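The structure under discussion appears below in the form of structure tokens.
The values are calculated or read from the model by the stated rules, or taken from the named source; none is laboratory data. These numbers were taken from a predicted model, which means no experiment stands behind them. Neighbour counts run over all protein chains shown; Cβ positions are idealised from the backbone, glycine included.
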Amino acid sequence: MTRLESKLFFKIMKNVIIIGSGPAGYTAAIYSSRASLEPLVFEGLTPGGQLVISHEVENYPGFPETISGAELMMKFKKQAERFGAEFKNEEVTKIEKKENCFVVHAGSGAYETKTVIVATGATARRLPIPTEEKFYGRGVSGCATCDGAFFREKEVLVVGGGNTAMEDAAFLTKFANKVTIVHRREYLRAAPIEVEKNKNNPKIEWMIPYVVEEILGDQVVEGAILKNRETGDTKKINCDGIFVAIGHDPQTKSLKGLIELDDEGFIKTEPNTTKTSVPGIFACGDVMDPVYKQAVTSAGTGCMAALDAQKYLE
């Protein structure tokens, strides 16, 4: 590539490129733009991240009235735009490390930057049935902590057999009249002590070895068809909500081979920072948080990443 071609191919060197939107990416944009770093944010194909699916958010500080996830994320974005953040509704396909910078590849070209903040999130695994998509956000949820309070005195299902499923089921008994754990096999990956606690909980029932075959309802979840994996028999069960707890997939495809990830694909960061194994690359939000996965914690780490990037640049 000639020097002229290089100038045409690469855009102006950026101080910060933020990959991903949602609470983490937008908060990083707010803080880095207020610091006059003029960040460029690649929002991905779904601006606002997973939170835009939530029709009602009740637990974000500062909003005593219920607000939709989409509206909340729009407020975040407008605040970042106010301070000069630039946004592109594109996905990043690749990140390369050069001698003194990084090259971020997206649909509109390649961009050089001094630092990168990764806020690509983690996607909750979904049930492999057509009706699940129809009811996602309308009774089907991937977050018991976020949506449990909407199911007071109702009946819900929890799908999964790991620690998250057991913890979700126990948490939901604070609100629901009945919680039914649905798992596809007799073996449970959860810690025996967590399983035992739920077996002793009078509000919890078990459907093993069953899978959700179909979700029933008109506008919202009203029930489900469960199928016994051993006998093939089906059973209709009434419920008002279904919580899917079968894991999350961190969105780190474009980062493999570049920075250090854990066994599940989440980005490893230095303790009490957002620094990754590569100086100049920072991570925030669900992509580096396999535990909490909350909008407010994501926003907090977004702030940390922006401050860490600012310090690195200085």
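For the reader, a short list of remarks on this structure follows.
- Condition met for Ala144 (more than 25 Å from Gly44 (Cα to Cα), at pLDDT below 95, among the hydrophobic types (A, V, I, L, M, F, W, C) and surrounded by 17 or more Cβ atoms within 10 Å (Cβ to Cβ)): yes
- Some residue of region 225-237 being hydroxyl-bearing (Ser, Thr, Tyr), in contact with a strand residue (DSSP E or B) (Cβ under 9 Å, 6 or more places away or on another chain) and within 27 Å of Leu313 (Cα to Cα): no
- Count of region 61-83 residues which are out of contact with any Asp or Glu (no Cβ under 7 Å at 6 or more places or on another chain), outside any helix (DSSP H, G or I) and either polar (S, T, N, Q) or buried (at least 16 other Cβ atoms within 10 Å of the Cβ) (or both): 2
- Residues of region 16-38 satisfying the condition of being touching a residue at least 60 places away in the same chain (Cβ under 8 Å) and not hydrophobic (A, V, I, L, M, F, W, C): Gly20, Ser21, Gly22, Pro23, Gly25, Tyr26, Thr27, Tyr31, Ser32
- Any chance Val104 is under 19 Å from Val278 (Cα atoms), within 19 Å of the chain's Cα centre (by Cα) and not small (Gly, Ala, Ser): no
- Matching strands (runs of 3 or more DSSP E) fully within region 96-136 where at least 1 residues are over 22 Å from Ser298 (Cβ atoms) and touching a Ser or Thr at 6+ places or on another chain (Cβ under 7 Å): 102-106
- Every residue from region 107-154 that is without any contact (Cβ under 8 Å) to a residue 60 or more places away in the chain and over 19 Å from the mean Cα position of the chain (by Cα): Gly107, Ser108, Pro130, Arg152, Glu153
- Val179 within 18 Å of Thr131 (Cβ to Cβ), β-branched (Val, Ile, Thr) and not assigned by TED's automatic domain parsing to the domain that holds Asn59: no
- Within region 253-296, the set of residues being among the basic types (Lys, Arg) and over 20 Å from Ala165 (Cα atoms) comprises Lys253, Lys256, Lys268, Lys275.
- Considering each residue of region 103-124 in turn, none proves to be of a type outside the set (Gly, Ala, Ser), touching a His at 6+ places or on another chain (Cβ under 9 Å), modelled with pLDDT under 95 and loosely packed, with under 14 Cβ neighbours inside 10 Å.
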